[in-house]
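For reference, the structure discussed in these notes is given below.
The values are calculated or read from the model by the stated rules, or taken from the named source; none is laboratory data. Because the structure is predicted, anything quoted here is derived from the model rather than measured. Cβ placement follows ideal geometry from the backbone for every residue including glycine, while neighbour counts extend to all protein chains displayed.
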Amino acid sequence: MTGSDDERRQPESDDASGFVDPGKAAEPDDPGKAAEPDEQDFVKDLGPDVPEVDVPEPPELSETDVPDDLARSFWKLVMVFNLALFAASLGPMLIYFRGEWTNGTAVFALGVGAFVYGYRRYKRVTSDDDHNG
């Protein structure tokens, strides 16, 4: 190896101190360093542009927007239908898994009765709103 080969392999420095700035962009004609594409530009090229959408603010709602009797009826119906679903599903499980025909049938009948009561009450509340609204 000659001294000229070593000189060719040494990176060029900006000044006489021999310091090479690692953040300095590589020259395009420098065969030792390949210019790498910017990762953000690569990701942007993968798909279509994402449109920007202005989302309107929802209106402020307070508890006074719903009448008290309607809110009370709603929560009562929620509890009735929760009880109905629980009882109507527990009854057949008592019959099938434990063989308790008496208890299973009674619990299932309670569930069906709660569904009927909840449906009638729901119809009464919605018909009152139709006549009042």
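Test G32 against the stated conditions and say whether it is modelled with pLDDT of 75 or more, loosely packed, with under 10 Cβ neighbours inside 10 Å, small (G, A, S) and more than 32 Å from the chain's Cα centre (by Cα). Walk me through it before giving the result.
Numbers: modelled with pLDDT of 75 or more: no; loosely packed, with under 10 Cβ neighbours inside 10 Å: yes; small (G, A, S): yes; more than 32 Å from the chain's Cα centre (by Cα): yes.
Judged against the criteria, G32 is not a match.
Among the residues of segment 48-67, is any at pLDDT below 95, assigned to a loop (DSSP other than H, G, I, E, B) and surrounded by 10 or more Cβ atoms within 10 Å (Cβ to Cβ)?
Yes, segment 48-67 contains at least one residue that is at pLDDT below 95, assigned to a loop (DSSP other than H, G, I, E, B) and surrounded by 10 or more Cβ atoms within 10 Å (Cβ to Cβ).
Could you check how many residues of segment 63-75 are of a type in the set (D, E, K, R) and within 30 Å of the chain's Cα centre (by Cα)?
First, the residues of segment 63-75 that are of a type in the set (D, E, K, R): 63, 65, 68-69, 72.
If we keep only those that are within 30 Å of the chain's Cα centre (by Cα) too, we end up with 63, 65.
Summing the residues that are of a type in the set (D, E, K, R) and within 30 Å of the chain's Cα centre (by Cα) in segment 63-75 gives 2.
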